[in-house]
1. Restricted to the range 121-132, and to residues that are outside any strand (DSSP E or B) and over 14 Å from the mean Cα position of the chain (by Cα), which residue is nearest to VAL35 (Cα to Cα)?
2. Starting from the range 163-181, take each residue that is touching a residue at least 12 places away in the same chain (Cβ under 8 Å) and surrounded by 14 or more Cβ atoms within 10 Å (Cβ to Cβ) and list its partners that are charged (D, E, K, R) and not in a helix (DSSP H, G or I), counting only C-beta distances under 7 angstrom and pairs at least six apart or across chains.
3. Applying the selection to the range 24-74, what residues are assigned to a helix (DSSP H, G or I), loosely packed, with under 12 Cβ neighbours inside 10 Å and more than 24 Å from the chain's Cα centre (by Cα)?
4. Which members of the range 1-23 meet the condition of being more than 18 Å from ASP167 (Cα to Cα) and part of a helix (DSSP H, G or I)?
5. Consider VAL126 against the criteria (1) modelled with pLDDT under 90; (2) of a type in the set (A, V, I, L, M); (3) loosely packed, with under 14 Cβ neighbours inside 10 Å: it satisfies all of them except one. Which criterion is unmet?
6. How about the range 167-202: which of its residues are charged (D, E, K, R) and at pLDDT below 90?
7. Six or more apart or on different chains, Cβ under 7 Å: which pairs go from a residue in the range 89-110 that's under 27 Å from TYR47 (Cα atoms) to one that's surrounded by 17 or more Cβ atoms within 10 Å (Cβ to Cβ) and of a type in the set (S, T, N, Q)? Could you list them?
8. Among the residues of the range 100-120, count how many are surrounded by fewer than 16 Cβ atoms within 10 Å (Cβ to Cβ) and not in a loop (DSSP other than H, G, I, E, B).
Amino acid sequence: MKKIGLIGGVGTGKSLVAKLIQEHFNAYIIKADEVGHQLIKKGYKSYDLIVDDFGTDILDENKEIHRGKLSEIVMNDSEKLKRLNAYTHPYIYDYIKEEIDSVDDKGEYAYLILEVPLMIESGFDVLVDEILYVHTDVDIRINRLKGTRNYSEEKIQRIMDKQLTDDKYKKVADHIIYNNTTVEDTLKQIKKILGGGQYENN
């Protein structure tokens, strides 16, 4: 089973690429964001660490962590963001590593796709065999984020400023997908990279 890490800035379409690989190839998908959302719920160690540090004001009516409130606290404070990452990343890493090992042992998939927002910066790249960079022009990304997530340009710029530059992404990537036009074109590029569709399901 080949393990491929998806990287790219916000709004580039990493989730679309992951979905296309899942639909057209024999691939298992792991999204670190989804793992992280689970591991900050009540009953997990990260929950206790976060609440102990940031207080109960970040909790909702069900005493769960309100991700929006937490995001507002750490977005413009690098020190608080660093602490939050320290409370979550080690547990996310261990969880994902165990899941990768479990999936690999079963031998049911040709590919495993790992989507981590800050894969290189957080050191998750050691879990994969190859890195696939999803590139999309900045103006397309901005319009996409405004339309699908209702982000302001200021918020988009703040997020982009914290991520790697296009040149740095390309430098660490084994393959590049240019997701600027149609889904069909993106799929053609994926098929070329993954060996012409030899593992296609449909």
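The values are calculated or read from the model by the stated rules, or taken from the named source; none is laboratory data. Keep in mind it's a predicted model, so treat the numbers as computed, not measured. Glycine gets a Cβ as well: all are built from the backbone with ideal geometry, and neighbour counts include every protein chain shown.
1. First pass over the range 121-132, keeping only residues outside any strand (DSSP E or B): 121-129.
Add one more test, that the residue is over 14 Å from the mean Cα position of the chain (by Cα), and what stays is 126, 129.
Values: VAL126: 18, ASP129: 21 Å.
Residue satisfying both the conditions and the ranking: VAL126.
2. Filtered contacts from the range 163-181: HIS175/GLU130; ASN180/ASP137.
3. ASP52, THR56, ASP57
4. Those that are more than 18 Å from ASP167 (Cα to Cα) and part of a helix (DSSP H, G or I): SER15, LEU16, VAL17, ALA18, LYS19, LEU20, ILE21, GLN22, GLU23.
5. (1)
6. Scanning the range 167-202 gives a single hit, GLU200.
7. Going by the 7 Å Cβ cut-off, the qualifying pairs are TYR91/SER46.
8. First, the residues of the range 100-120 that are surrounded by fewer than 16 Cβ atoms within 10 Å (Cβ to Cβ): 101-102, 104-108, 118.
With the extra rule that they be not in a loop (DSSP other than H, G, I, E, B), the set shrinks to 101-102, 104-106.
Going through the range 100-120 one residue at a time, the tally reaches 5.
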